[in-house]
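Shown next, in structure tokens, is the structure this report addresses.
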């Protein structure tokens, strides 16, 4: 029986673990891998204390700090969370159960999929959701980046350095931060294709092309000969394991108040999985600290 069970090993979960450990609470940290989405960020320039740092480097610092405390770590995927005999029980995919007096859910989000023909079949064979991981594999090739937000233009910026040509495909105008737009807008090997949706991804053993449909004229279809497709159209919360237990909003995010409390007393949530409006590393870390302090206060009152 642990005082606190933390689900998720991204910025929110790792920060929460440091805070609960410092409060001398027995802490179990469960997640699939250290760092979460933040570990895949190519560059972070707005985390205080660092002029520039990669996501992997920053999350390695978080991990190193957690390991200085007596935090029990289990690398596994939590598939269900519930209450039993006055305490909480989390079950992992491999069938193990873990019990605790409080829970902090910080499981983050996962990349949103296009759900078009060819996407799943060609995953890992030209279709990627992680430009940081896979950019070096596309040197000298033509690639498409799908999306118009910060993650899409960050991916495009990284790919411009190695790919022969980069097509940026988006439903509408770019919504990325101006500083990112400025980095890519005048690149000679970039083509902006706004107002197009992806119809299918083509290829047998590997990606050979991407078919687009014009939103202004649905009869118009364009086929781009590319060898890589980077899908950067946002994320979806990893909240399936708490559905029916915690209150979620229409996006599947966990509803929390300003103290990170959920609809179930004793369960707190932090980071991108919640309905807080900003999805940033620094915000997630702050929310993780708040959730940890909230769990500590809850346990004090329960004694």
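Coordinate-derived values only; no laboratory data. Quick caveat, the model's predicted, so the values are computed rather than measured. Here Cβ is always computed from backbone atoms with ideal geometry, including for glycine, and neighbour counts include all displayed protein chains.
Taking the simple approach of a point 7 Å from Cα along Cα-to-Cβ for both residue 243 and residue 115, what is their distance in nm?
Result for the modelled spin labels: 1.2 nm.
If you line up the long axis of helix 55-66 against the longest principal axis of the chain, both from Cα atoms, how many degrees apart are they, to the nearest 10?
In the chain, helix 55-66 runs at an angle near 10 degrees to the longest axis.
With the Cα gyration tensor of the range 158-282 giving a ≥ b ≥ c as the square roots of its eigenvalues, does the rule (a/c under 1.5 for rounded; else a/b larger than b/c for prolate; else oblate) give rounded, prolate or oblate? Show your work: numbers first, answer last.
Values: a/c = 2.60, a/b = 2.00, b/c = 1.30.
Prolate, since a/c reaches 1.5 and a/b exceeds b/c.
May I ask for the angle, rounded to the nearest 10°, between helix 11-22 and the longest principal axis of the chain, with both axes built from Cα atoms and the value confined to 0 to 90°?
Computed tilt is about 20 degrees.
Taking the alpha-carbon set of the range 63-191, what are its Rg and Dmax in Å?
20.6, 64
Which translational diffusion coefficient, to the nearest whole µm²/s, is obtained for the chain from the Stokes-Einstein equation, given a Kirkwood hydrodynamic radius over C-alpha pairs, 37 °C and 0.692 mPa s? Please report the intermediate quantities before stating the final value.
Details: Rh = 20.5 Å.
The diffusion coefficient I find is 160 µm²/s.
Could you calculate the FRET efficiency of residue 83 with residue 177 from 1/(1 + (r/R0)^6), where r is the beta carbon distance between them and R0 is 51 Å, rounded to 0.05?
Values: r = 42 Å, r/R0 = 0.82.
Between residue 83 and residue 177 the formula returns 0.75.
Separation between the residue 96 and residue 185 pseudo-spin-labels, each 7 Å from Cα along Cα→Cβ, expressed in nm?
5.1 nm
Regarding the range 127-231, what whole-number volume in Å³ per residue does the convex hull of its Cα atoms give?
On the way: hull volume 9.2 nm³, N = 105.
Measuring per residue, one finds 87 Å³ for the Cα hull of the range 127-231.
Between residue 222 and residue 64, what length in nm is gained on full extension when 0.36 nm per residue of separation is reduced by their alpha carbon distance?
Working: separation 158, 0.36 × 158 = 56.88 nm, distance 4.83 nm.
Contour length minus the Cα-Cα distance gives 52.1 nm.
Using R₀ = 51 Å, calculate the FRET efficiency as 1/(1 + (r/R₀)^6) where r is the Cβ-Cβ separation of residue 206 and residue 1; round to 0.05.
Numbers: r = 50 Å, r/R0 = 0.99.
After rounding to 0.05, the efficiency reads 0.50.
Would you mind getting me the FRET efficiency between residue 74 and residue 213? Use the beta-carbon distance for r and R0 = 35 Å, nearest 0.05.
Efficiency for this residue pair is about 0.15.
Calculate the length of the line joining the C-alpha centroid of the range 68-130 to that of the range 220-256, in whole Å.
Distance between centres, Cα-based: 15 Å.
Starting from the Cα of residue 43, step 7 Å toward the Cβ, then list every residue of the range 142-179 with an amide N under 17 Å from that point.
Under 17 Å, as judged by backbone N against the label point of residue 43, lie 150-163, 176-179 of the range 142-179.
Using the 10 angstrom Cβ neighbour count as an exposure proxy, how do 1, 59 rank, fewest first?
Values: 1 11, 59 26.
The order, fewest Cβ neighbours first, is 1, 59.
Cβ neighbours within 10 Å, averaged per peptide: list 174-185, 233-244, 25-36 in order, most packed at the top.
Working: 174-185: 15.5, 233-244: 17.8, 25-36: 21.4.
So the order, starting with the most tightly packed, is 25-36, 233-244, 174-185.
For the chain, find the longest principal axis of its Cα atoms and tell me its angle to the long axis of helix 150-160, 0 to 90°, nearest 10.
Once rounded, one gets 50 degrees.
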